[in-house]
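The values are calculated or read from the model by the stated rules, or taken from the named source; none is laboratory data. Only a predicted model underlies this, so the values are computations on that prediction, with no experimental measurement involved. When we count neighbours, we look across all protein chains shown, and the Cβ atoms used for this are built from the backbone with ideal geometry, even at glycine. Remember, those area values only see protein heavy atoms, side chains included, never the ligands or the DNA or RNA. Shrake-Rupley method; radii C 1.70, N 1.55, O 1.52, S 1.80 Å.
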Amino acid sequence: MTRTTGPALALDDLRVSFPSAQGPVSAVDGVSLELRPDEILGLVGESGCGKSTLANAAMGLLPESAEVSGAVRLGDRDLTILAERDLRRIRGDEIAMVFQDPSTSLDPVWTVGDQVAETIRAHRDVSRREAKARALKLMREVGIPSAEQRYGEPPHRMSGGMKQRIVIAAALANDPAVLIADEPTTALDVTIQAQILQLLDGLRQRRGTAVLLITHDLGVVAQVCDRVAVMYAGQLVEVATTEQIFSHPAHPYTEALLRAVPGTGEPGAELTVIPGQVPDLAAPPVGCRFAPRCPFATEECSIRPPLEGDEAHGAVACWHPRSRDREVTAR
Amino acid sequence: MTRLTFVVRRLLLTIPVLWVMTLFVFMILRLIPGDPVRTMLGFRATPENVAVARHQLGLDEPLWRQYVGWLGGLLHGDLGNDLISHAPLSELMSQRLPVTLELTVLSMLLAIVIGVTLGAWAAVGSRRVRSLTDGAVVLGVSIPDFWLGIMLVLLFAATLGWLPPSGYVPFSDDPAGNLRYMVLPVATLAGAEAAYILRTTRGAMESVLQRPSMTYLRAKGIGPFRMVAGHGLRNAAPTVVTVIGIQFGVLLGGAIVVETLFGLPGVGRLIVTSINQRNYPAVQAGVLAVATLFVLVSLAVDLVVAWLDPRVADGVGT
Ligand SMILES: Nc1ncnc2c1ncn2[C@@H]1O[C@H](COP(=O)(O)OP(=O)(O)O)[C@@H](O)[C@H]1O
Ligand SMILES: [Mg+2]
């Protein structure tokens, strides 16, 4: 199918705004991004920069009040123009999503196994028994010990990590081409976080599922992502391979973000906080939204820089990119 | 804690509750000011007559012996004798209790069907549906039983002549006739109940449908019917059942009014007439029957809730 040819999922100039008393809040502003088959693409940015809004827009899960434009392409269909009925057939089947907190995702009075089987029966015409057998297989695949006994248990008897595994099993039940994971490890203990990331990585390798991994944690990115898209105030500022991002960040914001993470800068480097404030998305700065906080900003920056680049270096939306210059001068 | 231990514990807990209840029923009647025997025999009774009557009723014995004797009788199904007819009260109860049971159970079933259906509909419905059900709830909870009963009689019995205004035949004698007599009392009693259940169902459903787990269901591609019925109602059910249990007590109170209004020979009417006749043993038996019914319904409700919500038996907060 489309899996081996084009991108698994493509966002094309996606814009989302929410009405508010201060006027429309522009939460996602002209994002174009391709998720390739088989890859884990990290989407990073500070809290409130529009990551979840982007994910929900891709899934068609935004509230009615949200104003959406642009396209979300899955195969040859644009999900933004599909009716809810048709979207329902695709969600959980071709594109699936995992949320931050498994405790609030799962139904507390349903058994965990039935919640996995439910996704199968929503999309496949199989008997109860067959759905149960498949759900058990999935539970084993995501690493739930003694799955047969666990099948009939309610979620509250499980740890957070086990619950998230159930959520992932349900998401992958129908072998979707795309999995969107919105901060899937944020609610979990650090040791469990690593296990869940490994699980996602293993599933991606075995099943070839393309994963959009949303996180505010660069440590998570470093562990499993092939490429990274950096988002700031509703706009993409940089997209590059994980290696590029960590070794040669091109956007001043990416650079600042890296410096703000302990242990990723030079040894002994101080944890720096980016000066200034995240802009108000109801009245964002014209042009580059990072300009008011950027030490390199010039007059030019009041015009929005396009996201441009190449496969080797990645793409950056900046009139004064950083490391790429450095690299060029070094060469 | 497993479900089994929860069930066993809850069953065992019912025993002391029932016992405390017998104490209450016994004491309340002894604490009423005035001497029942004197009231019963009237002014002209001689002290000798009173003493004889007191002895016959066992009222000259110490309270604790009276209680033990009464409790011992209860355990054997002996409720004592009616002061007026001298017939065994257990026999009287076996005629009266089915009437009250039929009235309250039918009313509750009707109220549940109406309340849960409209409540679920209101939770997902349009603004118009919501304001319609709002109006129905306000009407339902504010109209008193007796007034609703009288209005129904005026309309369906006096004006239209479709249904009998009062009276009763046992179901075993004439099933159709029995149901004809039951329609108005059941409707009267169910009105307010349906309103309470509607309000509870709607509130519980609305809060469930706002949970993040509903977004997760949408992300799995689950359709709206399954979301509302399979998850929404299913999650609202423990709350609704709990309220139904509490409301059953209210319903039993309402049965006293409704049985009197419609001339139904149930336990409620027995209590009212027996109080008027100072027929204390009969009052005692009637109150005991109603209270036992309420304790058993509460037990059933707790067990159903624990079955509906696995967190209850595990003692986990919901
Ligand atoms: N349903 C909504 N209604 C109004 N504003 C919203 C809604 N969802 C998100 N927003 C706003 O959109 C912006 C981005 O939020 P979000 O996508 O949750 O960010 P992130 O996931 O990166 O933390 C925030 O300013 C937030 O207040
Ligand atoms: Mg978020």
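Once you list every other residue whose beta carbon is under 11 Å from the beta carbon of A:ARG73, what net charge do they have if Lys and Arg are +1 and Asp and Glu are -1? Net charge in that neighbourhood comes out at -3.
Sorting A:ILE95, A:ILE81 by solvent-accessible area of protein heavy atoms yields A:ILE81, A:ILE95, largest first, with a 1.4 Å probe.
Each residue was assigned an accessible area with a 1.4 Å probe, and for A:VAL273 the value is about 120 Å². Note on exposure: B:ARG234, B:ARG10 ranked by accessible area (1.4 Å probe, complete protein assembly) read B:ARG234, B:ARG10, with the most exposed listed first. All other residues whose Cβ lies under 15 angstrom from that of B:LEU189 are scored, Lys and Arg at +1 and Asp and Glu at -1, for a net of -3. Across all Cα atoms of the stretch B:44-176, the radius of gyration (one decimal) and Dmax (whole number) stand at 24.2, 75 Å. The calculated pair-distance distribution of the stretch A:89-170 uses every alpha carbon pair, bins of 10 angstrom beginning at 0, and gives 20, 55, 24, 1 percent.
Of the whole protein surface, B:LEU160 contributes about 70 Å² of accessible area at a 1.4 Å probe radius. Look at the alpha carbon pairs under 8 Å that are at least 6 residues apart: their mean separation over the length of the stretch B:1-92 gives a relative contact order of 14 percent.
Charge tally for B:ARG278 (other residues, Cβ to Cβ under 13 Å; Lys, Arg +1; Asp, Glu -1): -1. If you run the Gaussian network model on chain B, springs between alpha carbon atoms under 10 Å, then out of B:MET205, B:MET40, B:MET93 the most flexible one is B:MET40.
Report Rg/Rh for chain A, rounded to two decimals, where Rg is the Cα radius of gyration and Rh the Kirkwood radius.
0.99
Full extension of the chain between B:SER126 and B:MET151 gives 5.9 nm of extra length, using 0.36 nm per residue less the Cα-Cα distance.
Using a ≥ b ≥ c from the Cα gyration tensor of the stretch A:74-229 (square roots of the eigenvalues), is it rounded, prolate or oblate, where a/c under 1.5 gives rounded and otherwise the larger of a/b and b/c decides, a/b for prolate? Oblate, because a/c is 1.5 or more while a/b does not exceed b/c. The share of accessible area on chain A that comes from carbon and sulfur is 51 percent, using a 1.4 angstrom probe. Solvent-accessible surface, computed for protein heavy atoms with a probe of 1.4 Å, shrinks by 50 Å² or more for the following residues of the stretch B:197-232 when the other protein chains are added to the isolated chain: B:TYR216, B:ARG218, B:ALA219, B:LYS220, B:GLY221, B:HIS231.
Springs between Cα atoms under 10 Å define the GNM used for chain B, and in it the highest mean-square fluctuation of B:GLY167, B:GLY58, B:GLY232 occurs at B:GLY58. By how many degrees, 0 to 90 and rounded to 10, does the Cα axis of helix B:3-31 deviate from the longest principal axis of chain B? For B:3-31 against chain B, the angle is about 40 degrees. By the equivalent-ellipsoid construction on the alpha carbon gyration tensor, the protein assembly as shown comes out with semi-axes of 71, 26, 23 Å, ordered largest to smallest. Here chain A is treated with +1 on each Lys and Arg Cβ and -1 on each Asp and Glu Cβ, and its dipole about the Cα centre works out to around 1040 debye.
With the whole protein complex present, B:ASP134 retains an accessible surface near 70 Å², based on a 1.4 Å probe.
Among the residues of A:151-158, the average count of other protein chain beta-carbon atoms within 10 Å of the residue beta-carbon is 3.
Given the -39500 (n - 2.57) contribution per DSSP H run of 4+ residues, what per-residue ellipticity at 222 nm results for the protein assembly as shown, rounded to the nearest 500 deg cm²/dmol?
Working: 25 runs with 345 residues, N = 649.
So the calculated ellipticity at 222 nm is -17000 deg cm²/dmol.
Rounded if a/c is under 1.5, else prolate if a/b is larger than b/c, else oblate: which is the stretch A:20-81, with a ≥ b ≥ c the root eigenvalues of its Cα gyration tensor? Judged from the Cα gyration tensor, the stretch A:20-81 comes out oblate (a/c at least 1.5, b/c at or above a/b).
Please report the carbon-and-sulfur percent of the accessible area for the stretch B:2-75; probe 1.4 Å, protein heavy atoms only, DNA, RNA and ligands left out. Intermediate results must be reported in sequence, preceding the final value.
Numbers: 3850 of 5350 Å².
Carbon and sulfur atoms account for 72 percent of the accessible area of the stretch B:2-75.
Computed from protein heavy atoms with a 1.4 Å probe, the total accessible area buried between B and A is close to 2200 Å².
Only Cα pairs under 8 Å and 6+ residues apart enter the sum, and on that basis the relative contact order of chain B stands at 27 percent. Counting only alpha carbon atoms, the long axis of helix B:127-142 and the longest principal axis of chain B meet at about 10°.
Comparing the full protein assembly with the isolated chain (1.4 Å probe, heavy atoms, ligands and nucleic acids excluded), the residues of the stretch A:89-137 losing at least 40 square angstrom of accessible area are A:PHE99, A:THR104, A:SER105, A:ASP107, A:PRO108, A:VAL109, A:TRP110, A:GLU118. Taking a ≥ b ≥ c as the square roots of the eigenvalues of the Cα gyration tensor, chain B is oblate, since a/c reaches 1.5 or more and a/b is not larger than b/c. Normalised radius of gyration (Cα atoms, divided by 2.2 N^0.38 Å) for the stretch A:175-308: 1.17.
Give the residue from B:SER90, B:VAL105, B:ASN276 lying farthest towards the positive end of the charge dipole for chain B; charges sit on Cβ (+1 for Lys and Arg, -1 for Asp and Glu) and the dipole is referred to the Cα centre. Highest projection toward the positive end goes to B:VAL105.
Quick one: ranking B:SER85, A:SER47 by accessible area, 1.4 Å probe, largest first, what do you get? The partial results should precede the final answer.
Values: B:SER85 75, A:SER47 105 Å².
The ordering from most to least exposed comes out as A:SER47, B:SER85.
Histogrammed with a bin width of 5 Å, the alpha carbon distances of the stretch B:164-234 distribute as 3, 14, 15, 12, 9, 9, 9, 9, 9, 6, 4, 1 percent, first bin at zero.
Just want to confirm a number: the relative contact order over chain A, from Cα pairs under 8 angstrom separated by 6+ residues, in percent.
Details: 639 pairs, mean separation 64.9, N = 331.
Reported relative contact order: 20 percent.
Size of the stretch B:2-75 from its Cα atoms: along the principal axes, largest to smallest, the extents are 65, 20, 15 Å. Seen against the Cα atoms of chain B and their longest principal axis, helix B:267-276 is set at about 40 degrees.
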